[in-house]
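Structure first, then comments.
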Amino acid sequence: MHPDRPGARWERRAEIPLAVASLAFLAAYAVHVLATGLSDVWRDVCLAVTLTAWALFVVDYGVRWRLSGQRLRFVRTHWLDTLVVLLPLLRPLRIVRLYEAVQRRRGRPRLSLHARVITYAGVSTALLGFAGALTVYDQERGVPGASMRTFGDAVWWTCATLSTVGYGDIAPVTAGGRVVAVGLMACGLALLGTVTGSFSSWLVQLFSRQDEDGPPGR
């Protein structure tokens, strides 16, 4: 998208507010899940924060859809944004857009850009893992036969799932927990692939540049 188009200007202006909204959504959801003995007032506050953040995502999606002028084609070409509207906890997956921009770059590699991708992917993995642990713990706690009894168990299971290790000592037994598990498996593969792919691409470009330059007098 051209940087001077209305859609691009809107995305630049909305990026920080939406990032804050996603963090507020995650924080409110964490309080709702982890805080024991929470009063009805605070539960209502957490619900209001999550609904407000979700509404911001919907407004952003609607504005960008309107400015794009693509109608239904916008949904197909922006499937990741559509998924984020439906499941705001998946907002870290927007790393894919940044990674695609890196892959399209030509010429001399820039470590700062690749380092930015790797850092963003690492932060996204941490946020996604925390959100996944909260969600699966909310589904599994108190269920008869569940091996995930504490939030620490949920974090351990999430780390094993995102890293594609899968020890099998803890596993979800509810339908909702298993749906989360499938999503985390897919996200783990995507984010790990982003990090390794970006780092490998930088190394290949760097060594190719050195081979092209060659030693003096070659």
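The values are calculated or read from the model by the stated rules, or taken from the named source; none is laboratory data. Computed from a predicted structure; not experimentally measured. All Cβ positions, glycine included, derive from the backbone under ideal geometry; neighbour counts span all protein chains shown. Note: accessible area is taken over every heavy atom of the protein model, side chains too, but ligands, DNA and RNA are not part of it. Shrake-Rupley method; radii C 1.70, N 1.55, O 1.52, S 1.80 Å.
Okay, here's what the table says:
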read-out: Any hit, region 155-167, residues being of a type in the set (Phe, Trp, Tyr) and under 22 Å from residue 32 (Cα atoms); value: yes
read-out: Residue match in region 12-22 (condition: closer than 30 Å to residue 139 by Cα, in a helix (DSSP H, G or I) and in contact with a Ser or Thr (Cβ under 7 Å, 6 or more places away or on another chain)); value: no
read-out: Top-ranked residue in region 68-87 [being part of a helix (DSSP H, G or I), open to solvent by 80 Å² or more (accessible area, probe 1.4 Å) and of a type in the set (A, V, I, L, M); ranked as nearest to residue 33 (Cα to Cα)]; value: 86
read-out: Residue tally, condition at pLDDT 85 or above and not in a helix (DSSP H, G or I), over region 23-48; value: 2
read-out: Residues satisfying the stated conditions in region 171-218, i.e. assigned to a helix (DSSP H, G or I), modelled with pLDDT of 80 or more and of a type outside the set (D, E, K, R); value: 175, 176, 177, 179, 180, 181, 182, 183, 184, 185, 186
read-out: Condition met for residue 168 (among the small types (Gly, Ala, Ser) and either modelled with pLDDT of 90 or more or open to solvent by 50 Å² or more (accessible area, probe 1.4 Å) (or both)); value: yes
read-out: Some residue of region 49-58 being among the small types (Gly, Ala, Ser), under 15 Å from residue 131 (Cβ atoms) and either touching a residue at least 40 places away in the same chain (Cβ under 8 Å) or assigned to a helix (DSSP H, G or I) (or both); value: yes
read-out: Filtered residue count, region 19-43, keeping only those that are surrounded by 12 or more Cβ atoms within 10 Å (Cβ to Cβ), free of Cβ contacts under 8 Å to residues at least 40 places away in the same chain and hydroxyl-bearing (Ser, Thr, Tyr); value: 0
read-out: Exclusive hit being modelled with pLDDT of 75 or more and either within 15 Å of the chain's Cα centre (by Cα) or open to solvent by 80 Å² or more (accessible area, probe 1.4 Å) (or both), set 149, 94; value: 149
read-out: Scan of region 171-192 for residues that are over 16 Å from residue 133 (Cα atoms) and either among the β-branched types (Val, Ile, Thr) or surrounded by 14 or more Cβ atoms within 10 Å (Cβ to Cβ) (or both), ordered by number; value: 190, 191, 192
